[in-house]
Amino acid sequence: MEKKMNKNRSVYAGAAVIAAGCMWGSMGLWVRRFSGEGLDSMQILALRAAVSAVMLGICLFLYDRKFLRIRIKDLWCFIGTGICSLLFFGYCYNRTILLTSLSVAAILLYTAPAMVTVMSVFLFKERMTRRKVLALLLAFAGCVLVTGVLEGEQAVSALGILTGLGSGFGYALYSIFSRYALEREYHPLTVTFYTFVCTTAGALPVTAWGPVGAFFAGNPAGLLYTAAYAAVTTVLPYILYTTGLRYVENSRASIMATVEPVVATLIGVFVLHEKMTIPGAAGVLLVLTALAVLQKES
């Protein structure tokens, strides 16, 4: 009976992780609006974190204040998720986009599942199984095809590769530091809230806030749009992903989240009427196959 309950929890947790990846995949639609209003990527990141922290903080204050309590000695876990992961990842990814193409930046970012898998073997004693390795290879190959990096010549500088790998490392650190926080019996809501608080604190001194104020001043519905953006691409997916980490290994969760570029591609095709290439379609199938391989292991 207990074994069946654990399996059901694993299935639901996996579904939560995949749902989080799907929500992250919609981010491009929202970001285009902010970019069109003159905000740069760091301002968008800081705004996203700040609004998410305020929204979730109010909800937790009204729902149950015990979720707002943390021990000072555990603050490093949230500095890890908020600054070492989200802020560092955002900075490196933005730099990589400027130094290389979008497709190259995306591929270097999706080295993260491999990093999570290797780190989790040493830090959390997770098993390295054949199915896991196969799923990892399928997912990465799928991401390569989906981004279209093989369809043209790509000039990549050494600095671009370095910052790209940095973005993947920062992205991977969220799974690692979140696991440490969960092992200290913090609720996923607590982990998510303090992640955004730390990200906002780290972004404050390095973000030009003038254009953000101008955006709200010139857009009466700007606050509502920003709240919806934060809820769909940040608050809900990070809660779902962190919740999933309670019952799913870091390595498996990170691979499952590679559904993100698949969803982004499908949105581009069906919503923005972008062209679906044959390699792109093959990449979608490879990522879905990787998810199926992981499900058989659970």
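Checked against (1) modelled with pLDDT under 95; (2) part of a helix (DSSP H, G or I); (3) farther than 12 Å from Ala106 by Cα, Gln154 passes all but a single condition, namely (2). When Gly21 is tested against (1) under 28 Å from Ala217 (Cα atoms); (2) in a helix (DSSP H, G or I); (3) small (Gly, Ala, Ser), only condition (1) is not met.
Here the stretch 105-132 is the region considered, the condition is being touching a residue at least 12 places away in the same chain (Cβ under 8 Å) and over 22 Å from Tyr174 (Cβ atoms), and the residue that is surrounded by the most Cβ atoms within 10 Å (Cβ to Cβ) is Arg131. Residues to consider are Thr226, Thr234; find the one that is under 14 Å from the mean Cα position of the chain (by Cα), among the β-branched types (Val, Ile, Thr) and either closer than 17 Å to Gly38 by Cα or modelled with pLDDT under 95 (or both). Matching residue, one of Thr226, Thr234: Thr234.
So that you can scan it fast, the table gives a plain yes or no per residue for (1) surrounded by fewer than 24 Cβ atoms within 10 Å (Cβ to Cβ); (2) outside any helix (DSSP H, G or I); (3) in contact with a strand residue (DSSP E or B) (Cβ under 8 Å, 6 or more places away or on another chain):
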site	(1), (2), (3)
Leu223	yes, no, no
Thr226	no, no, no
Val232	yes, no, no
Tyr238	no, no, no
Ile255	no, no, no
Glu274	yes, yes, no
Leu285	yes, no, no
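Looking across the stretch 59-79, the residues that are under 16 Å from Glu185 (Cα atoms) and under 22 Å from the mean Cα position of the chain (by Cα) come down to Leu75, Trp76, Cys77, Phe78. Taking the residues in the stretch 166-211 that are assigned to a helix (DSSP H, G or I) and charged (D, E, K, R) as candidates, determine which candidate is surrounded by the most Cβ atoms within 10 Å (Cβ to Cβ). Applying the filter and picking the extreme gives Arg179. Within the set Met23, Met5, Met27, the sole residue that is in contact with a Pro (Cβ under 6 Å, 6 or more places away or on another chain), closer than 25 Å to Leu291 by Cα and either at pLDDT 95 or above or not charged (D, E, K, R) (or both) turns out to be Met23. At least 3 residues being among the polar types (S, T, N, Q) is the threshold, and among the helices (runs of 4 or more DSSP H) wholly inside the stretch 27-89 those reaching it are 41-63.
Leu62 meets all of the listed conditions (1) in contact (Cβ under 8 Å) with a residue 24 or more places away in the chain; (2) loosely packed, with under 14 Cβ neighbours inside 10 Å; (3) hydrophobic (A, V, I, L, M, F, W, C) but one, namely (1). Residue pairs whose Cβ atoms lie under 6 Å apart, sitting 6 or more positions apart in sequence or on different chains, and linking a residue in the stretch 187-216 that is touching a residue at least 60 places away in the same chain (Cβ under 8 Å) and on the phi > 0 side of the Ramachandran plot to a partner that is basic (Lys, Arg) and in a loop (DSSP other than H, G, I, E, B), do not occur here.
For the stretch 188-223, which positions are polar (S, T, N, Q) and within 21 Å of Arg32 (Cβ to Cβ)? Result: Thr207, Asn219.
Among the residues of the stretch 265-281, those that are among the aliphatic types (A, V, I, L, M) and under 23 Å from the mean Cα position of the chain (by Cα) comprise Leu266, Ile267, Val269, Val271, Leu272, Ala281.
So is Val149 under 19 Å from Pro279 (Cβ atoms), free of Cβ contacts under 8 Å to residues at least 60 places away in the same chain and either β-branched (Val, Ile, Thr) or in contact with a helix residue (DSSP H, G or I) (Cβ under 9 Å, 6 or more places away or on another chain) (or both) or not? Yes: the conditions hold for Val149.
The values are calculated or read from the model by the stated rules, or taken from the named source; none is laboratory data. Keep in mind that what you see is a predicted model, and the values were worked out from it rather than measured. Glycine gets a Cβ as well: all are built from the backbone with ideal geometry, and neighbour counts include every protein chain shown.
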